[in-house]
Amino acid sequence: MNINREHVALNAYLNLLERKGFSKELLRQREVTILKLIPHIEKIHSDGVAFRGAVDEMFKKLDKSQWAIYLPIIRDYFLFWINDIKAIVAMNQDKAFEANPTGWEPKERDLQKMWDSLDQLALTKSEAQPLETYESVLRNHGADDSFVDTCKKLVKLLLLMLRSAPHKQPLAYRKAVDANLALFTSEEAYNIFLKVGREFYYFWKGDFTAPNQAQLALA
């Protein structure tokens with residue numbers, strides 16, 4: 001295993017951000033975040049499951065108010081850590097690494113009020129279709145009613161946030177996920193939402209691998 005893997009990835013990540021116009025202060029913030037992560041990942045294999053487990057362990061030591069700040073930085077760094085050039089190029093083309101991002105942002109909402117009124121809010125046919133497919137896959141994998149109902153409610157919240165997004169872009173989806181994180185104060189609820197968000201993305205964008213991704217929900 002390359003012992004410099006983490007720092008090589010960190011340097012590549014910071015170099016890209018610097019070219020994008022990030023200030024020294026913002027670069028340092030991201031550097032400090034990743035340096036805190038490195039002890040948790042330097043001895044694991046370069047795969048998503050191991051990485052997510054390491055991040056979960058790191059988050060157990062963080063104040064919950066910091067989770068939403070750390071998560072987008074760690075998520076971006078992951079692409080460099082696994083050296084996924086194709087994904088980095090796609091994210092760059094989607095302007096995901098801009099110092100002053102523009103474009104679609106989720107509308108500000110009272111998330112708690114939205115959560116409490118989900119049963120009264122209807123989805124469109126195009127919104128409901130990927131959710132129905134996701135539910136079917138979960139049930140085929142043996143998920144019980146309680147688990148399925150929780151996943152459906154979390155996905156519905158996400159779909160309503162995405163309703164105003166002009167295109168099915170990865171960046172828009174990530175913004176919607178991050179915007180909803182403030183609703184969840186417990187570590188368990190927070191982690192469940194992140195897991196459901198990761199899995200449902202493939203259904204939302206119509207990826208043929210979506211059923212395989214749903215298997216992670218039952219891991």
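The values are calculated or read from the model by the stated rules, or taken from the named source; none is laboratory data. These numbers were taken from a predicted model, which means no experiment stands behind them. All Cβ positions, even for glycine, are placed from backbone atoms using ideal geometry, and neighbour counts span all protein chains on display. Accessible surface areas use protein heavy atoms only, side chains included; no ligands, DNA or RNA. Shrake-Rupley method; radii C 1.70, N 1.55, O 1.52, S 1.80 Å.
Given the structure, is residue 74 of a type outside the set (Phe, Trp, Tyr), part of a helix (DSSP H, G or I), farther than 22 Å from residue 23 by Cα and open to solvent by less than 40 Å² (accessible area, probe 1.4 Å)? Can you show your working first?
On the way: of a type outside the set (Phe, Trp, Tyr): yes; part of a helix (DSSP H, G or I): yes; farther than 22 Å from residue 23 by Cα: no; open to solvent by less than 40 Å² (accessible area, probe 1.4 Å): yes.
When the stated conditions are applied, residue 74 does not pass them.
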Kindly establish whether residue 197 is on the phi > 0 side of the Ramachandran plot and either at pLDDT below 90 or not basic (Lys, Arg) (or both). no
Is it true that some residue in region 56-69 is at pLDDT 90 or above, in a helix (DSSP H, G or I), among the aliphatic types (A, V, I, L, M) and closer than 17 Å to residue 198 by Cα? no
Testing residue 10 on (1) under 24 Å from residue 180 (Cα atoms); (2) open to solvent by less than 20 Å² (accessible area, probe 1.4 Å), one condition comes back false. Which one is that? (1)
Where the second residue is open to solvent by less than 50 Å² (accessible area, probe 1.4 Å) and the first is acidic (Asp, Glu) and lies in region 75-91, which pairs have Cβ atoms under 8 Å and are six or more apart or on separate chains? 76/13; 76/91; 76/96; 76/97
Picking from 112, 120, 169, the residue that is over 18 Å from the mean Cα position of the chain (by Cα) and in contact (Cβ under 8 Å) with a residue 40 or more places away in the chain would be 112
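Any residue in region 88-99 that is among the small types (Gly, Ala, Ser) and more than 30 Å from residue 186 (Cα to Cα)?
Residues of region 88-99 among the small types (Gly, Ala, Ser): 90, 96, 99.
Still in the list and also more than 30 Å from residue 186 (Cα to Cα): 90, 99.
Yes.
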Examine region 106-123 for a residue that is within 30 Å of residue 27 (Cα to Cα), buried (at least 16 other Cβ atoms within 10 Å of the Cβ) and modelled with pLDDT under 95, and state whether such a residue exists. yes
Search result, residues across region 144-164 that are under 22 Å from the mean Cα position of the chain (by Cα) and either outside any helix (DSSP H, G or I) or loosely packed, with under 13 Cβ neighbours inside 10 Å (or both): 149, 163, 164
Restricting region 151-189 to residues that are β-branched (Val, Ile, Thr) and at pLDDT below 90, the residue that is farthest from residue 91 (Cα to Cα): 185
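Tell me, please, whether a residue that is more than 15 Å from residue 124 (Cα to Cα), charged (D, E, K, R) and touching a helix residue (DSSP H, G or I) at 6+ places or on another chain (Cβ under 8 Å) can be found in region 154-163. Reasoning before the result, please.
Pass one, region 154-163, residues more than 15 Å from residue 124 (Cα to Cα): 154.
After this cut, where a residue has to be charged (D, E, K, R) as well, the list is none.
No, region 154-163 contains no residue that is more than 15 Å from residue 124 (Cα to Cα), charged (D, E, K, R) and touching a helix residue (DSSP H, G or I) at 6+ places or on another chain (Cβ under 8 Å).
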